[in-house]
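What follows draws every value from the coordinates through simple rules; no lab data is involved. On a predicted model such as this, the values are computed, not experimentally measured, just so you know. Every residue, glycine among them, receives a Cβ derived from its backbone with ideal geometry; neighbour counts consider all protein chains shown.
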Amino acid sequence: MGDEQILPALTGLIMENQEPEPVTEPGHNHKRIPRFEPINREQMVMRAVDVEQLVDQEHPVRAIWEFVGRLDLSSFCEQIRAVEGERGRPAHDPRLMISLWVYGYARGVGSAREMARLCEYDPAFQWLTGMKVVNHHSLSDFRVDHGEALDKLFAEVLAVLMVEGLVGLERVMQDGTKIEARASRHTFRTQKCIGEHLEVARRHVEEMKAQSDEDTKGRAAKARERAARHRQERLESAQKEFEKIRTSQSKEKKKKKKEEQVRVSETEPEARIMKHNDGGFRPSYNAQISTDQLCTVIVGAGLSQAAGDSDELEGAIDRTERNAGKLPEQVVADGAYANAYNIHLMGERGVELITPAADTVFQLEKNGIDEAFSRHAFVYDEATNSYTCPADKTLKYVGKEKRGKIFRERYRASVADCQACPFKPQCCPSSKRGRSLMRLENQSEVDSHAAKMQTEEAKQTYKQRGQTAEFPSAWIKEKIGLRRFRVGGLLKAGLELVWACLTYNIQQWIRLRWRTKWAQAKT
Ligand code: SF4
């Protein structure tokens, strides 16, 4: 800092520490010196705190405590070893731990350390804990140690909302959103590189085992050994992920992507590089959220490693049925879910599916085909097992293939016919082998679905999808701040998603029931 900067700063300090200027009142001769409240920081203060009065009666923390108190939390108690009448440190009450996490997430606090700090001075957290200390290890372990119990809790919350008339299950909107994984993109390595690191990690663990007892004593040595073992386990599971990726890839993708282009994170092997709405590619998971339209309550949430949504509807429907005890009457999903298998599956389960017609989405847009030349413009002849196109040419059967879980038969026009055809720019602009058509094994189901989607009623229903389906994921990202998981791995990240959805649902109850109760009491 130069002299010209230091001088004004020093002048400022001097001015602050100066005695107040005497003030002369108009009409008086004597000078008045202002007197201020002294600040004494060298004293000890004991203060009586009325814990009950730390938050007012309408504070949301009271609503959360009341709501959680209505739930059956016995599954959270199964692991508790401290029992009445026996020695040992008492455990934290699951009602308190759940309320802390729900209130924490509602305030956008997802870090156990930050929450432990807030418990020391924030009135709402102090009210919840009764001014007791809850350390960050207990908070952190509680969040990820109760997978099954958490699923039951989610269903329990849903049951309360159903009893209160906030869930109808008449129409459920399905949506997928990408949430960033904890791993950095810089931790992604090729299989060759992971193999080399694994060799080093194995040697390191062997060396540690060979060390004398003296060297492995003590907490620091044990922690080092544990860390080395965990690294080896992570690298081994990264090796397995390569196999998983290979088996899940379609033949075309395998051809496009060379072996050395496939990479897996060495710190969080289950994370996948996915494309986000902003166009960026980041390590992520695909969060599938099912939302009941009546009061925008989440009825199912799960995490997947798949970048696309097309195979996620079956799992979403199963989760909704498990949580709510029954299937929804109707599911509305965007074009990413529109495929023959989903149409077949929903028909089989008795759930009406509203999605854009599969043909329109996947064939026409992708291949630049005019809507007037969709497969409906081609006439099928069962006797010859062939199609006739709008130019009266024949598309012959050329073979059968399996796409996903559905078989389909391929029909193709001759190259000569299409090259000479005046409709080629609208019918097959990019095809060099002549226009082809697919006939699915459940083609009649797909056709009747496409016909239904042409009706005004289906179009109007589909228009309502965005508003309901996208609201919870936007809320979870904006209010809870869950743009990136704070815990690593598919299982733990999945649990964090359930915590976030649980918080969202309880917030909906507070908004629609708790606040209404107070508003009515005031009038
Ligand atoms: S481009 Fe080929 S398939 Fe299409 S209308 Fe013409 S001849 Fe028929």
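First check a/c for segment 324-403, with a ≥ b ≥ c the square roots of the eigenvalues of its C-alpha gyration tensor; if it is under 1.5, answer rounded, and if not, answer prolate when a/b is larger than b/c or oblate otherwise. Can you show the working numbers first?
Working: a/c = 2.78, a/b = 1.91, b/c = 1.46.
The shape class here is prolate.
Less than 19 Å from a label point 7 Å out along the Cα-to-Cβ axis of Ala391: which backbone N atoms in segment 423-440 qualify, by residue?
Output list for this probe position: 423-438.
How far, in degrees from 0 to 90, does helix 94-106 lean away from the longest principal axis of the Cα atoms of the chain, to the nearest 10?
Its long axis makes an angle of about 80 degrees.
Would you work out which of Gln174, Met162, Gln239 lies farthest towards the positive end of the dipole of segment 146-244? Charges go on Cβ: Lys and Arg +1, Asp and Glu -1.
About the Cα centre, the residue reaching furthest to the positive side is Gln239.
Have a look at Thr355, Ala377, Gly399 and report the one farthest towards the positive end of the charge dipole of segment 328-457, computed about the Cα centre with Cβ charges (Lys/Arg +1, Asp/Glu -1).
Gly399
State, in angstrom, two size descriptors of segment 45-163 derived from its alpha carbons: Rg to one decimal place and Dmax to the nearest whole number.
15.0, 50
Take peptides 203-209, 263-269, 314-320 and line them up by average Cβ neighbours within 10 Å, highest first, as a rough protection proxy. Each step should come with its number before you reach the end.
Numbers: 203-209: 13.0, 263-269: 23.4, 314-320: 19.7.
Top of the packing list down: 263-269, 314-320, 203-209.
For the chain, what is the mean residue ellipticity at 222 nm derived from helices alone (per DSSP H run of n ≥ 4: -39500 (n - 2.57); sum divided by total residues; nearest 500 deg cm²/dmol)? Mind dumping the intermediate values first?
Values: 21 runs with 237 residues, N = 523.
The helix-only estimate for the chain comes to -14000 deg cm²/dmol at 222 nm.
Relative to the longest principal axis of the C-alpha atoms of the chain, give the angle of the C-alpha long axis of helix 112-121, reported between 0 and 90° and rounded to the nearest 10°.
30 degrees
Please state the shape class of segment 353-510: rounded when a/c is under 1.5, otherwise prolate if a/b exceeds b/c and oblate if not, all from the C-alpha gyration tensor.
On the way: a/c = 2.83, a/b = 2.44, b/c = 1.16.
The shape class here is prolate.
For segment 397-442, treating each Cα as an identical point scatterer without solvent, what Debye log10 I(q)/I(0) comes out at q = 0.23, 0.29, 0.30 1/Å?
The computed values of log10 I(q)/I(0) come out as -0.77, -0.96, -0.99.
Could you size up the charge dipole of segment 66-145 around its Cα centre, putting +1 on the beta carbon of Lys and Arg and -1 on that of Asp and Glu, and report it in debye to the nearest 20?
180 debye
Can you give me the angle between helix 3-17 and the longest principal axis of the chain, using Cα atoms only, in degrees from 0 to 90, rounded to the nearest 10?
With both axes taken from Cα atoms, the answer is about 60 degrees.
Rounded to a whole number of µm²/s, how large is the Stokes-Einstein D of the chain at 25 °C and 0.890 mPa s, given Rh as the Kirkwood radius over C-alpha pairs?
On the way: Rh = 28.5 Å.
It diffuses with D of about 86 µm²/s by this estimate.
Pull out the extension gain between Ser430 and Lys463, defined as 0.36 nm times the separation in residues minus the alpha carbon to alpha carbon distance; nm, one decimal.
Working: separation 33, 0.36 × 33 = 11.88 nm, distance 3.17 nm.
Result: 8.7 nm gained on full extension.
Say the cut-off is 28 Å between C-alpha atoms; which of Lys396/Lys432; Lys152/Lys492; Lys152/Lys275; Lys178/Lys517; Lys244/Lys463 go over it? List each step's numbers first, then the result.
Working: Lys396/Lys432 16 Å; Lys152/Lys492 16 Å; Lys152/Lys275 32 Å; Lys178/Lys517 36 Å; Lys244/Lys463 37 Å.
As for pairs spanning more than 28 Å Cα to Cα, those are Lys152/Lys275; Lys178/Lys517; Lys244/Lys463.
State whether segment 444-523 is rounded, prolate or oblate according to the following rule on the C-alpha gyration tensor (a ≥ b ≥ c being the square roots of its eigenvalues): a/c under 1.5 gives rounded; otherwise a/b larger than b/c gives prolate, and the remaining case gives oblate.
Values: a/c = 3.29, a/b = 1.33, b/c = 2.48.
Oblate is the answer for segment 444-523, as a/c is 1.5 or above yet b/c matches or exceeds a/b.
What dipole magnitude, in Debye to the nearest 20, does segment 360-492 give about its Cα centre under +1 on Lys/Arg Cβ and -1 on Asp/Glu Cβ? The partial results should precede the final answer.
Values: 26 positive and 16 negative charges, 209 e Å.
In debye, rounded to 20, segment 360-492 gives about 1000.
Quick check on packing: order 333-344, 234-245, 152-163 by the mean number of other C-beta atoms within 10 Å, highest mean leading.
333-344, 152-163, 234-245
Hey, got the dipole for segment 165-245? About the Cα centre, +1 on K and R Cβ, -1 on D and E Cβ, debye to the nearest 20? Display every interim value, and only then the final one.
On the way: 19 positive and 15 negative charges, 36 e Å.
Charge dipole, segment 165-245, about its Cα centre: 180 debye, nearest 20.
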